[in-house]
Structures are given as C-alpha cells and as structure tokens.
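The values are calculated or read from the model by the stated rules, or taken from the named source; none is laboratory data. Everything numeric here is computed off the predicted structure, so don't read it as measured data. Positions of Cβ are backbone-derived with ideal geometry, glycine not excepted, and every protein chain shown enters the neighbour counts.
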Amino acid sequence: MAVETPLLDTVSYPEDLRKLDKSQLRQFADELRAEMIDAVSVTGGHLGSGLGVVELTTAIHYVFNTPDDKLVWDVGHQCYPHKIITGRRDRIRTLRQGGGLSGFTKRSESEYDPFGAAHAATSISAATGFAEAARHQNKPTTAIAVIGDGSMSGGMAYEGLNNAGHLGSKMVVILNDNDMSIAPPVGAMSAYLARASSSGVYQGFRSFGKQLAKRLPEAVYNQLAKAEEYGRGMVTGGTLFEELGFYYVGPIDGHNLDQLVPVLENVRDMKEGPVLVHVVTRKGAGYPPAEESADKYHGVAKFDVVSGKQKKGTPNAPAYQKVFAKTLIREAEKDDRIIGITAAMPSGTSLDMFAEAFPDRCYDVGIAEQHAVTFAAGLAADGMKPFAAIYSTFLQRGYDSVVHDVAIQNLPVRIPMDRAGLVGADGQTHAGAFDIAYLGCLPNMVLMAAGDEAELVHMTATAAAYDAGPIAFRYPRGEGAGVDLPEEGKILEIGKGRIVREGTKIAILAYGGRLQEALKAADTLEAQGLSTTVADARFAKPLDHELINRLARHHEALITVEEGSVGGFGAFVMHYLAGAGMLDAGLKVRTMTLPDVFQDQDTPYNMYEKAGLNASHIVERAREALGFSADVVNLRG
C-alpha cells in the first residue's frame, strides 16, 4: 500500500495551497486537522470551533486570492487552521502564550488578518467596509465574512446584512451553521441546487430573465420576481437573506470539499453581490472526544490527544463565578422575583447552575448584550429583580442600554460583571479594564467590587436587596483567594468600605481583586518598619468619604490600587480629595491602575507584573511616595 506524501509541509501560505490539485485537498484538510489538534493539545484554547471549519478554511484559501481578497472571521475562535496555513505554523504552539500568537485574528500579526476580532457579529459590517473601500479605489477585491450561527443572534449582524444588501456590495458572507436548523437537511439534492443556483449558466439565465422581465409591465415584473424568489426559497431556504438583499446559496455540507470548492468558485465569479453561502458544519468535527463533548470542546486546557483528557489542575479555592451562582440560587430560593439573564455565556457566568435550579427564571438571550440589559430593564420596571450577568468586556456592547434604559430611568437592574481585570490567555480583547470608568460616570449607579469570594457573597446578597436603582458589582476570573465562605450573605451598607488591617504611616486603599496583593505588600512594608493600613473600599460609587477622610488624616501616604483603567476608582478618590482640600495639607497620594495600553495575552501573574500591580509594585510605590529609595530596607517609621 502506497504511503501518501505529506502535503501540509509543502504549504506555508495560501499561494502554495492553490498549487495543489483539487483531488489533494481532502488529504491536506486531514493533515491540517491533525496539526491543529496537536498544537492545541500543547497550548489549550478554542478547539471545537476550529475543527468545524478545517475544510471551509481550506476551500476559502484555495478558491479566493487571499490576502488581496479580504477574509474576515467573526469572533476568531475558529481561526487556528487559518493561522497554520497563513505563515504561522512555526509559531502555532505559542497560541495564547506570552509573546506568542493571539487566540484571535489580529491585524498586527499578519496581512492575512485584515480585521481583528474577538467579539461577535462584527464580520459582516467590517467586510462591507472592505467591499466599499475596494469599490471606491477600483480594486478587484472580494470581501469574505465567515460568521457562525451563534453570532447571528447578535443584532449587529443584521445591521450589517441590511446595509450591505442596500448597497449591493460585492461581497460574500459565509454562514457557518453548526447548531441551528434554519434550512432543509443537507444532502445530494440540496448540494446540487447550491451548485446549480450559483453556477454561471444559472446566473446568466437569471440575468437575461431579469432584463427581459424589465420590459414587461411593472405588475407582471413584480409577480415574476416574487415567483422566482419563492421558488428558490421553497427548495433552498434563505428567504430572510433574500429580503435583506443577498443572493442565497445553500445549504451545503461544510465538510465535503467536492461540494464546497465548486460552489465557492461559482460565487467568486459572480458579477453581482452580495451573496450569502449557507454552510452546515459540525463543531469538533474529525476528533471524537470533541464531537462527543456537550460543548464540542469549545475551550479546552492542555489535553492528551489520544484520550482527549484535559490536564486541568486541582483548584485551591472555588471560582468566583461559581460562588456568585450559588449565592444567587440561595437568594432566589427566598425571593421568587429574582431572575437570571446571560448573553450566551451560561457556563462562563455559571448561570447554568441557576438555570438548573430555576429553569423558568433564567434566560439565555444569545449574543445580544444590548438586548440583555434592556430586557432586564423591562423586567425591573414591572417589579422583578433581574441579574444581567455579563462579562465586563462584553458589557461594553450594551453600554447605551445601561445609560439610556437603566440609569436614566433609575431602574433596579443588577449587573454582575465577571472577568474584571486582566484575564490571561484571552488577552486584550477580553480584559475587563474599563467598567469602573464607564459606569462610574453615570448618575444613579452604585458600583461594588469584591476583594475576595466572601465579599462576593455579601455583594450578591446586597444587590438582591437593593431596590433604589441600578447596582453593578465586579469580580475577577478564576479562583478565589481561599477565604472562608459565609453561610449567608450579609447586606452591606451602601457606600461603606472596611479596614482590613490597621497601621499608622501608609494607607493602601484597594478596590476589588488586588486586595490580596495589598495585604502582601503591607506585610513587606511592615517588615521594613513602615506601619501600614489596608482598607477594602468595596464601593467606587458612592465613595466612602468617611473612610477616605480617616485614611488621609492619619497617614503620610495614601495609595489607591485597582485592576481597572485610568479614570476609574483612583480618579474618583483624587477628585474627592481635591474638592475637600486635602491635597493642600501635604498628603502624598498615588494611584495605581492598569497601564494605558491594551495588554497582550500572558499568564495572569505575568500580565499583572507587566501592569505593575503586584505586591512588589505596591511596595515600591508606597516607598517612593515617602521619598525612600528602592534599596533602603528595615526602616523604622
């Protein structure tokens, strides 16, 4: 039996792929899938979505002239095969590592990534921009957007479709359908119809028919147009997309290269646009452990390729999101007005636990953060107690709803914000850096941040009890600090912080997840003879003026620490101190925030090290405020 010559080693870029014979593409795709599985087993990452588009990725780069043709991936979870065949195979085992490849598309990484991604439903709008830019510049560019059915739950996708259809932009949207049933079953007949309706012969006949029909009376022309649309819609689906101005092709089997390649070639050669190609795939395809997994191995840790077993460490403390969900369940057992809302992240926010306990009181609204917030506002307006649990980075997408539909109306919507601060391997697109600043400027808003998991229990209970207006609370990703958890959450006094340890010379005022680093810093400072107070602010809005006054009056230096951007908690404290005239009295104040950059992925510790927010940095900042050089030790305050 002849041994097949490896093809992947011959392909460094898509131009190499296009030199292969079509009959070789099946072997190439199989090798590409094996390479991706092996790479992700080393790095961890988003596995299932990439496995589902191996054939599609191969076909797109084989048919279209990338990078001159602009390929835009929605979200980017599925871009690993794309990276392997666009000059990055030698670095693919650095995925999501410090100094390595991003887990998403990134413009600075490759010319084959014309548009960066990581949030959903952006691809069609971006591709429309590329299509119109090409038209204005008379360039023969084809813009291709690949969007999953999950992203189609985001309203922005339809905004893009509507605008592109109105403009008649020369572009291709590929709907990667791996879950929804929005069309007839895939099979030989649907594949034939897809090829036929996208073929040049059919297109030519259709164009001739259109020109002929235009010579007929308007009423007759309109009826013929409706008949043609209805006829194709009956056998292929896609009436919605046709109504939005797209020519619909599909559905086709996204794992059958003999179907994919000719259809994409036909679509590429169409003279008119835009076109939507409906491709049906299986998430996790080609790797049994992924295919058999409930989430199709969406996101995985490092794993053994043969068994599929993931190499997860034993947690030292419960994860913050699980502490939140368990507390919310306890509160919901006491109050049947409590509602859980997630925007397509039930497991990420642990609201899947809440849904199991209260299936009728938990809503997954899809990738639709704006809707999630306004939906919560509607519930709150009629007496319910909605908790719209949204990652900090994704809440940015619902900001107008927070302002207009919640804050202005002073509605008691509860907003738990997961993934506050830096998030490690997901990098800059998923960092929860800005919510303190963008929520803290809103009238009526109450802001809390949990310094440990016990505080999260109290803040969840406090939010459940608070009916005076909107209240938001943030907490980090991952394990808690390992503190003892209370059986019941206590209701905190709004706007009141707490003293965690008492000192006399330096005051560290922490807001949120850096509290543990502040305590470590205090230990070091104490060892150097610098008596240190550590306070947990708990609230960024309203500020605890009494606590700040106490710290300012009885200490030489005040250091604020937060895992948020410039313009957040530290700025609020400085604004208060300046207004109260306390800066005139010689108080040495320093603010510590995330740096004013978008930080690349790394381990969380390394990211905070680069950000200058670990305990050693707090020590340096405190000593600098007091005028001590870095090399002086064992001082007595």
Select from segment 508-544 the residues that are more than 36 Å from the chain's Cα centre (by Cα) and either of a type in the set (D, E, K, R) or closer than 16 Å to Arg621 by Cβ (or both) and list them in ascending order. Asp523, Thr524, Leu525, Glu526, Gln528, Leu530, Thr532, Thr533
For Ala437, which of the numbered conditions (1) assigned to a strand (DSSP E or B); (2) more than 17 Å from Phe387 (Cβ to Cβ); (3) in the same structural domain as Phe324 (by TED's automatic domain parsing) fails to hold? (1)
Tell me, yes or no, whether segment 258-267 has at least one residue that is crowded, with 23+ Cβ neighbours inside 10 Å, in contact with a Phe, Trp or Tyr (Cβ under 8 Å, 6 or more places away or on another chain) and at pLDDT 90 or above. yes
Subset of segment 498-514 (residues that are surrounded by fewer than 24 Cβ atoms within 10 Å (Cβ to Cβ) and in contact with a helix residue (DSSP H, G or I) (Cβ under 9 Å, 6 or more places away or on another chain)): Arg498, Ile499, Val500, Arg501, Gly503, Thr504, Lys505
If you go through Ser151, Ser169, the only one that is under 22 Å from the mean Cα position of the chain (by Cα) and in contact (Cβ under 8 Å) with a residue 12 or more places away in the chain is Ser151
Could you please let me know if Ala510 is of a type in the set (A, V, I, L, M), under 21 Å from Thr349 (Cα atoms) and not assigned by TED's automatic domain parsing to the domain that holds Phe387? no
Only one of Gly495, Gly489 is of a type outside the set (Asp, Glu), assigned to a loop (DSSP other than H, G, I, E, B) and at positive phi. Can you tell me which? Gly495
Within segment 49-64, residues being surrounded by fewer than 24 Cβ atoms within 10 Å (Cβ to Cβ) and under 27 Å from Asp602 (Cβ atoms) number 0
Filtering segment 62-75 down to residues that are in contact (Cβ under 8 Å) with a residue 60 or more places away in the chain and touching a strand residue (DSSP E or B) at 6+ places or on another chain (Cβ under 9 Å), which residue is nearest to Ser293 (Cα to Cα)? Val75
Based on this model, can you work out whether Glu624 counts as surrounded by 15 or more Cβ atoms within 10 Å (Cβ to Cβ), acidic (Asp, Glu) and either at pLDDT below 95 or touching a Ser or Thr at 6+ places or on another chain (Cβ under 9 Å) (or both)? no
Quick one: would you say Ala59 is free of Cβ contacts under 8 Å to residues at least 12 places away in the same chain, within 16 Å of Leu7 (Cα to Cα) and among the hydrophobic types (A, V, I, L, M, F, W, C)? no
Is there any pair linking a residue in segment 311-331 that is free of Cβ contacts under 8 Å to residues at least 24 places away in the same chain to one that is of a type outside the set (A, V, I, L, M, F, W, C) and surrounded by fewer than 16 Cβ atoms within 10 Å (Cβ to Cβ), with Cβ under 7 Å and at least six apart or on different chains, and which? Lys311/Lys302
Looking for whichever is surrounded by fewer than 24 Cβ atoms within 10 Å (Cβ to Cβ), modelled with pLDDT under 95 and either in contact with a Pro (Cβ under 9 Å, 6 or more places away or on another chain) or at positive phi (or both) here; the options are Gly87, Gly76, Gly99. Which one fits? Gly99
Can you name every residue in segment 250-292 that is among the polar types (S, T, N, Q) and either without any contact (Cβ under 8 Å) to a residue 40 or more places away in the chain or in contact with a strand residue (DSSP E or B) (Cβ under 9 Å, 6 or more places away or on another chain) (or both)? Gln259, Asn266, Thr281
Taking segment 549-583 as the region of interest, how many residues are surrounded by 16 or more Cβ atoms within 10 Å (Cβ to Cβ), over 16 Å from Tyr511 (Cα atoms) and aliphatic (A, V, I, L, M)? 4
Quick check on segment 113-123: of everything there that is more than 23 Å from Leu167 (Cα to Cα) and out of contact with any strand residue (DSSP E or B) (no Cβ under 7 Å at 6 or more places or on another chain), which residue is modelled with the lowest pLDDT? Ala118
Single match in Ala133, Ala126, Ala59 (criterion: at pLDDT 95 or above, assigned by TED's automatic domain parsing to the domain that holds Asp253 and in contact with a strand residue (DSSP E or B) (Cβ under 6 Å, 6 or more places away or on another chain)): Ala126
